[in-house]
Structures are given as structure tokens and as C-alpha cells.
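Report on the following structure.
The values are calculated or read from the model by the stated rules, or taken from the named source; none is laboratory data. Please read these numbers as outputs of a predicted model, since none were measured by experiment. A quick note on method: Cβ atoms are made from the backbone with ideal geometry, for glycine too, and the neighbour counts reach across all protein chains shown. Remember, those area values only see protein heavy atoms, side chains included, never the ligands or the DNA or RNA. Shrake-Rupley method; radii C 1.70, N 1.55, O 1.52, S 1.80 Å.
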Amino acid sequence: MDIEIINERENPLLERTEIAIKINHSGGSPKFQDIRSKVAAMKDLDNDKFVLQSVEAVYGTSASNAEVRVYSSNKKLSSVEPLHVLKKNGFIEEKVEEDE
């Protein structure tokens, strides 16, 4: 899996950097956590200060486009990002209720 940075811009209002990336992969689409790990290593990021917002496969190719949001603090990340994004990135664990 190769990751290429397409665009990087600052958003001072939300205290974050928004990064657009292109992922070239062979076979199926890579797992969400694998992409997070590769981006963290590539940009030297703390796992608790960024989210992988979205990953969209490009039809007919072995490539995907994704958006990464890097925040100044974990507190800001938690207050801005929606619940489903926090769950998908592993910040919140979903409770499984068992029927008695």
C-alpha cells in the first residue's frame, strides 16, 4: 500500500490540518486501521490527535481517496468530530448488550 499526499491545508477555526491522500493498493481495499497506522508513521502523528475521516474507493482502479484530520489536541478532536467517526477510529468502544 502506497500513500501519496494530494493536498494539505490549515483550518485555524477548528484548530486542525486537513490532509487529502491517495492510497494505491493491490487486491482489495486496505483495512481502516492499517491506513491509520501507515499515515501515523508517515507523518509522525500521535494516534490520539488525528482521525481518518473518510475512505472512498475509485471505481475501476486499485486506488482510494481519503481525508485525514489532524487536531492540535485530543480535547478539540473529541468536541468537533461526530460520534460515528470517533467509533470508526477507535476512540469510543461500542458496548454490546447481551439479552438475558
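Hey, among N7, N11, N24, which residue is in contact with a strand residue (DSSP E or B) (Cβ under 6 Å, 6 or more places away or on another chain), open to solvent by less than 70 Å² (accessible area, probe 1.4 Å) and without any contact (Cβ under 8 Å) to a residue 24 or more places away in the chain?
It is N11.
Scan the range 1-36 for residues that are closer than 15 Å to Y71 by Cα and not basic (K, R) and jot them down.
E8, E10, N11, P12, L13, L14, E15, T17, E18, I19, A20
Out of the residues in the range 5-28 that are touching a helix residue (DSSP H, G or I) at 6+ places or on another chain (Cβ under 7 Å) and in a loop (DSSP other than H, G, I, E, B), which is farthest from K49 (Cα to Cα)?
Here the answer is L14.
Within 10 Å of the chain's Cα centre (by Cα) and surrounded by 13 or more Cβ atoms within 10 Å (Cβ to Cβ): is that true of V80 in this structure?
When the stated conditions are applied, V80 does not pass them.
Each row is one residue, and each column tells you yes or no for (1) more than 21 Å from I3 (Cβ to Cβ); (2) in a helix (DSSP H, G or I); (3) not aliphatic (A, V, I, L, M).
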{"residue": "D34", "(1), (2), (3)": "no, yes, yes"}
{"residue": "M42", "(1), (2), (3)": "no, yes, no"}
{"residue": "G60", "(1), (2), (3)": "no, no, yes"}
{"residue": "L86", "(1), (2), (3)": "yes, yes, no"}
{"residue": "E94", "(1), (2), (3)": "yes, no, yes"}
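A quick yes/no check of all residues on (1) of a type outside the set (K, R); (2) within 26 Å of G28 (Cβ to Cβ); (3) modelled with pLDDT of 90 or more:
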| residue | (1), (2), (3) |
| --- | --- |
| A40 | yes, yes, yes |
| K43 | no, yes, yes |
| G60 | yes, yes, no |
| A66 | yes, yes, yes |
| L83 | yes, no, yes |
| K87 | no, yes, yes |
| E94 | yes, yes, no |
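Please go through the range 27-68 and give me each residue that is within 12 Å of the chain's Cα centre (by Cα) and open to solvent by 60 Å² or more (accessible area, probe 1.4 Å), ordered by number.
Listed by number, the residues that qualify are K31, Q33, D34, S37, K38, N47, D48, K49, E56, N65.
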